[in-house]
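One structure below.
The values are calculated or read from the model by the stated rules, or taken from the named source; none is laboratory data. No experiment lies behind these values; they were computed from the predicted model shown. When we count neighbours, we look across all protein chains shown, and the Cβ atoms used for this are built from the backbone with ideal geometry, even at glycine.
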Amino acid sequence: MGSRHFVIIGNGISGITFARHLRKGDEKARITVISGESPYFFSRTALMYVYMGQMKWEHTQPYEPFFWKKNRIDLKQAWVKSITFEAKALVFESGETLNYDVLVLATGSKPAFFGWPGQDLKGVQGLYSKQDLETMEAITSEPMERAVIVGGGLIGIEMAEMLTYKKIPVTFLVRENRFWELVLPDAEASLVHKHIREHAIDLRLGTELKEIISDAQGSVRAVITSTGEEIPCGFVGIATGVLPNVDFLRNTSLAIGKGVKVNAKFESSVPDVYAIGDCAEFEQPPGPGRRNLEQVWYTGRMHGETLAYNFCNTPVAYQPGIWFNSAKFFAIEYQTYGWVSPEPVSGVQDFFWEHRDGKVSFRMSLDQEGKVLGVLNLGFRLRHEFFDRAIREKWSGEKVMQELGKGVFDPEFYAPYHQEIQAAYQRHFGGKIVSSKKSFFHKLFGASQ
Amino acid sequence: MRGIQGIGLVLFVVGMLVFTALPFLSSYRLTEGMVQDQVKEIHREKLAELLQPMYGQSYSSTHAFLSAYSSNFNPYNEELKAKQAWDQVIWDDYGFALAKAAGEGPARSHPWACLALSIGLVVLGGVLFQIAGYGSAHTSLAHTGVFHSSLKNRGVLGMLTGTYLIGFYVILYWFPAYLSPLVWMVEPIAQFLSGGPASQWFLYGLVYTLAIAVMGIRMVLKYRDNKYQQLRTASVVFFQTAFAFLIPEVLVLLNKPYFDFKNIWPLDYDFFYDYQIDTFISSGGLGLFMLIWGILLIVLGVPVFTYFYGKRWYCSWVCGCGGLAETVGDGFRHLSDKSLKAWQWERWMIHGVLALAVIMTGLTIVNYFSSFSLLGQVTNQLHSFYGFAIGSAFAGVVGTGFYPFMGNRVWCRFGCPLAAYLGLVQRFKSRFRITTNGGQCISCGNCSTHCEMGIDVRAYAQQGQNIVRSSCVGCGVCASVCPRGVLKLENGPEEGRIHDFPILIGNDSIKLRS
Ligand SMILES: Cc1cc2nc3c(=O)[nH]c(=O)nc-3n(C[C@H](O)[C@H](O)[C@H](O)COP(=O)(O)OP(=O)(O)OC[C@H]3O[C@@H](n4cnc5c(N)ncnc54)[C@H](O)[C@@H]3O)c2cc1C
Ligand code: SF4
Ligand code: SF4
């Protein structure tokens, strides 16, 4: 194959995973990773922790600077302005150019703005990039009466938590009638609502942003909501989702929808040009129940490793396994494995248990034959390996219940919620759940199973 | 709550000021009787003669007293040394004993009041501050803000605290006479517990135990949703209070050897020193039991417990150094160096100290059985070097004084020979590991940032690889700080404990090592 020049735009999880695996499989390839955002790969997922003084910037970088040299991965910090696909050349904002043999687009996302009046005012922003973090830190370092967060999703709640750390009162506008309506069923959403409100957050469900009002200096002064209320504030966080960061690629020969159109091998419409991570839009959903856009951390990683594999081996089609995800709403951890619908679906039975303290819950969706489709748990931890297997092998709900003790991933000495869950399941469905109780000896010496 | 926290802080600061000021509020008047009382019989006559000029004089500060003592005593010793009359040189340092005997001041006349105003206020203020601070905070914020804190992120407060601690340890180990006024105020407690006088070590033990207890309260509040943290904190507080502090004193009261039943060689580096062995052997059944107990811990306790639970059973559940690190030091854990370089240094240093301790002890034992003929002075020299460099400078001054600079486990990570021994067992023959939860890791780095041992936990977690590292003390904080529930400390079958070929769950297209 010789030594082709692989150029990757984007040093996020997808681009970097690709570069690392390519190096592992191909000693000779020349690899260049470009990003305008930061010189080194960092974990976007940790932005909030830097803001809250729980980490420093350097801690967000999973590899020490020497790593790149050692693996001969060239890093370049610059913004790509345009690409001439015919000439296989990138043009940087500085005017400089760079040629590639293979181009991998891993440009990620950007916050979605929906054209609200006043959305360009100072103090109105999303949270996606290092620069977003810096402006948010600068603006909120001054005392302010209130901040408004728009958008009931994961980034919205992270921003609310960040502002709470700074002791800034927060009004949280959620257009839908519940938080994260796309994913959370009613019961879980109510649990989370309570928890959000316990943190003194003014949560407004079913309320939209209408307009942002400026002060004399061009900074935000207040917002007006769909109910006509004016809420004075010094900061507006826009967290109404993200869109693929592909605007600089539009109006070229590259096929673009929401993101860069790719097939299951990440090939775009232009030869030798590939797209992975948040910016890729699959022509066909990559798996049952999956979306055409995969905008989470681990899918970016899987895209990167699969594409790199394809350059070093006989190419395969990308095929994600059982869906999983996790998040955290203030102190409440969320995990999910498999498929759980936020709305009731005919033919699907849900088993739901909530702890009396209202901070822990468990839901299991079963198909018509009583086989497990997925679980959604709040406030405690479940073992990925266990549920991946249970769902893949289509265990019956009863079997999952019987083995649940092995599926719990909470730290040692934690309340054994699974016993309560088993009891509740038995009350609900009948049957006999005999969970294997550990003897004292087993507990003491940690002898498992 | 803020008000109470403020009051707590004020009480704490006042207590610290009183504690720091007391040594300056004493004066000294030496009499011949004191010299007769405090000095060993063989040196009595000579010292009584040398110190003649001091009798009846009044010294207004510890420094003035010690200077006078040195100027009267040192020339005699120097002369002997110059003549190489080594056996006549007085190696004992009577400075502390004489200062304590000769001193006068508030701490001696009103020990209880001084105790209440210094250590008492510090404890009360500390407890109030922690209860008000952590009692109301939301647990979601338990780990936030450490890098915005001057104390916890090497700011001015951190520098001051580190300097104060280093100063305290330097004085404690090498200039204890300056602490004698503080020792007076704990004299009544020592008398009550052991029936004997208090030494600087008694003062230190008391302060140490209280510090662990007060900051243990903080841990329990900070981790109020975390049973593992609460239990292990209760455990270290218990072992420190009962085993390290009370039982040894009571043993002395009962005329038995001072012994800490949970201290294990080679951390307890003088366990095999000749005078120790002599003490054990000459103290009847209990003494013999202590000797056998100590040896059993080394040859059976460490391997067996570490096999089942990992080194954490000792390092973060029992050990006194670990106890201090996990309570007082908790706020500094993120300052540990995570770089690969630091890991390389760590391995050389800690195994170096282990080798040194083993060689030293080996020589000591050979020496003991060959009745001191074989190696003569060599072991003594080694003992004093080890005691100075490792026992005092490294474990004490650096180990604790450097909390605000390099994190709370500098000693445990780079120096402790017992940790090295436990670590070897943990790495090669143990059921303990930190399991990672499939593909859930988002590489955020919270785990690595807050690992006090400087382990790059994320490097393993993001590959789906179990964490099996000799240095991991099983504090469980990585698991607690991880926002995605990825990490779990577990004891389980040895099979599959070490992943040579970790695979992250989730990608069905290919199977490859991440
Ligand atoms: C605050 C926050 C929290 C999140 N938390 C989670 C979570 O908990 N779990 C989870 O699964 N996911 C989370 N995500 C989503 C996750 O971070 C993304 O899915 C992931 O980072 C996408 O990776 P990527 O490699 O596709 O792109 P990115 O990480 O976005 O990297 C793309 C890079 O390309 C650069 N770039 C783009 N265009 C150009 C150009 N023209 N020239 C030069 N450089 C360019 C960008 O500046 C950027 O640095 C979170 C996202 C945010 C913003
Ligand atoms: S804290 Fe958890 S999610 Fe973050 S890097 Fe560590 S293991 Fe991964
Ligand atoms: S790896 Fe985790 S449990 Fe081990 S020392 Fe580090 S933080 Fe503690």
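Please determine whether any residue of segment A:109-127 is modelled with pLDDT of 95 or more, surrounded by 18 or more Cβ atoms within 10 Å (Cβ to Cβ), assigned to a strand (DSSP E or B) and basic (Lys, Arg). Checking segment A:109-127: at least one residue is modelled with pLDDT of 95 or more, surrounded by 18 or more Cβ atoms within 10 Å (Cβ to Cβ), assigned to a strand (DSSP E or B) and basic (Lys, Arg). If the condition is being assigned to a helix (DSSP H, G or I) and among the small types (Gly, Ala, Ser), then segment B:88-117 contributes B:Gly95, B:Ala97, B:Ala99, B:Ala101, B:Ala102, B:Ala107, B:Ser109, B:Ala113, B:Ala116. When the residues of segment A:49-59 are filtered to those that are more than 8 Å from chain B (Cβ to nearest Cβ) and surrounded by fewer than 21 Cβ atoms within 10 Å (Cβ to Cβ), the one that is farthest from ligand 1 (Cβ to nearest atom) is A:Glu58. Looking at A:Glu211, A:Glu198, A:Glu230, can you tell me which residue is closer than 30 Å to A:Ser341 by Cβ and assigned by TED's automatic domain parsing to the domain that holds A:Gly156? Being closer than 30 Å to A:Ser341 by Cβ and assigned by TED's automatic domain parsing to the domain that holds A:Gly156 holds for just one of A:Glu211, A:Glu198, A:Glu230, which is A:Glu198.
Going by what's in this entry, would A:Leu382 be described as touching a residue at least 12 places away in the same chain (Cβ under 8 Å), within 14 Å of another protein chain (Cβ to nearest Cβ), touching a Ser or Thr at 6+ places or on another chain (Cβ under 6 Å) and crowded, with 17+ Cβ neighbours inside 10 Å? Give the derivation first.
Numbers: touching a residue at least 12 places away in the same chain (Cβ under 8 Å): yes; within 14 Å of another protein chain (Cβ to nearest Cβ): yes; touching a Ser or Thr at 6+ places or on another chain (Cβ under 6 Å): no; crowded, with 17+ Cβ neighbours inside 10 Å: yes.
No: the conditions fail for A:Leu382.
Any residue that is more than 16 Å from ligand 2 (Cβ to nearest atom) and over 18 Å from A:Glu412 (Cα atoms) - is there at least one of those in segment B:488-495?
yes
Quick one: would you say B:Ala419 is of a type in the set (Gly, Ala, Ser), in a helix (DSSP H, G or I), within 11 Å of another protein chain (Cβ to nearest Cβ) and away from ligand 1 (no atom under 16 Å from the Cβ)? Write out each step before concluding.
Values: of a type in the set (Gly, Ala, Ser): yes; in a helix (DSSP H, G or I): yes; within 11 Å of another protein chain (Cβ to nearest Cβ): no; away from ligand 1 (no atom under 16 Å from the Cβ): yes.
No: the conditions fail for B:Ala419.
If you filter segment A:42-73 down to residues that are within 16 Å of B:Cys447 (Cβ to Cβ) and part of a helix (DSSP H, G or I), you find that the one that is nearest to ligand 3 (Cβ to nearest atom) is A:His59. Of all residues being more than 8 Å from chain A (Cβ to nearest Cβ) and free of Cβ contacts under 8 Å to residues at least 60 places away in the same chain in segment B:476-497, which is surrounded by the fewest Cβ atoms within 10 Å (Cβ to Cβ)? Just the residue, please. The qualifying residue surrounded by the fewest Cβ atoms within 10 Å (Cβ to Cβ) is B:Glu495.
From the list B:Ala102, B:Ala85, B:Ala116, exactly one residue is touching a residue at least 24 places away in the same chain (Cβ under 8 Å) and away from chain A (no Cβ under 14 Å). Which is it? Just a single option satisfies the conditions, and that option is B:Ala102. Of everything in segment A:5-41 that's assigned to a loop (DSSP other than H, G, I, E, B) and more than 14 Å from chain B (Cβ to nearest Cβ), which residue is farthest from ligand 2 (Cβ to nearest atom)? The extreme case among them is A:Lys28.
Quick grid of which residues meet (1) buried (at least 22 other Cβ atoms within 10 Å of the Cβ); (2) part of a strand (DSSP E or B):
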residue: A:Ile157; (1), (2): yes, no
residue: A:Met162; (1), (2): yes, no
residue: A:Lys167; (1), (2): no, no
residue: A:Leu182; (1), (2): no, no
residue: A:Lys194; (1), (2): no, no
residue: A:Arg204; (1), (2): no, yes
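Screening B:Phe305, B:Phe271 for residues that are farther than 20 Å from B:Thr400 by Cβ and outside any helix (DSSP H, G or I) leaves exactly one candidate, B:Phe271.
With respect to (1) on the phi < 0 side of the Ramachandran plot; (2) near ligand 3 (Cβ under 10 Å from one of its atoms); (3) within 12 Å of chain A (Cβ to nearest Cβ), the lone exception for B:Asn437 is condition (2).
Residue by residue, here is whether (1) small (Gly, Ala, Ser); (2) out of contact with any Phe, Trp or Tyr (no Cβ under 8 Å at 6 or more places or on another chain); (3) modelled with pLDDT of 95 or more holds:
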{"position": "A:Ile332", "(1), (2), (3)": "no, yes, yes"}
{"position": "A:Thr336", "(1), (2), (3)": "no, no, yes"}
{"position": "A:Val360", "(1), (2), (3)": "no, no, yes"}
{"position": "A:Ser365", "(1), (2), (3)": "yes, no, yes"}
{"position": "A:Ala415", "(1), (2), (3)": "yes, yes, no"}
{"position": "A:Gln419", "(1), (2), (3)": "no, yes, no"}
{"position": "A:His428", "(1), (2), (3)": "no, no, no"}
{"position": "A:Ser435", "(1), (2), (3)": "yes, yes, no"}
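For (1) small (Gly, Ala, Ser); (2) at the interface with chain B (Cβ under 9 Å from one of its Cβ atoms), each residue gets a yes or a no:
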| position | (1), (2) |
| --- | --- |
| A:Phe324 | no, yes |
| A:Ala327 | yes, yes |
| A:Phe330 | no, yes |
| A:Val340 | no, no |
| A:Ser346 | yes, no |
| A:Gln349 | no, no |
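Of the residues making up segment A:60-82, one or more are more than 8 Å from ligand 1 (Cβ to nearest atom), within 14 Å of another protein chain (Cβ to nearest Cβ), crowded, with 18+ Cβ neighbours inside 10 Å and closer than 30 Å to A:Lys167 by Cβ. Meeting the requirement of 3 or more residues that are near ligand 2 (Cβ under 8 Å from one of its atoms) and touching a helix residue (DSSP H, G or I) at 6+ places or on another chain (Cβ under 7 Å), the helices (runs of 4 or more DSSP H) wholly within segment B:444-487 are B:446-450, B:457-461.
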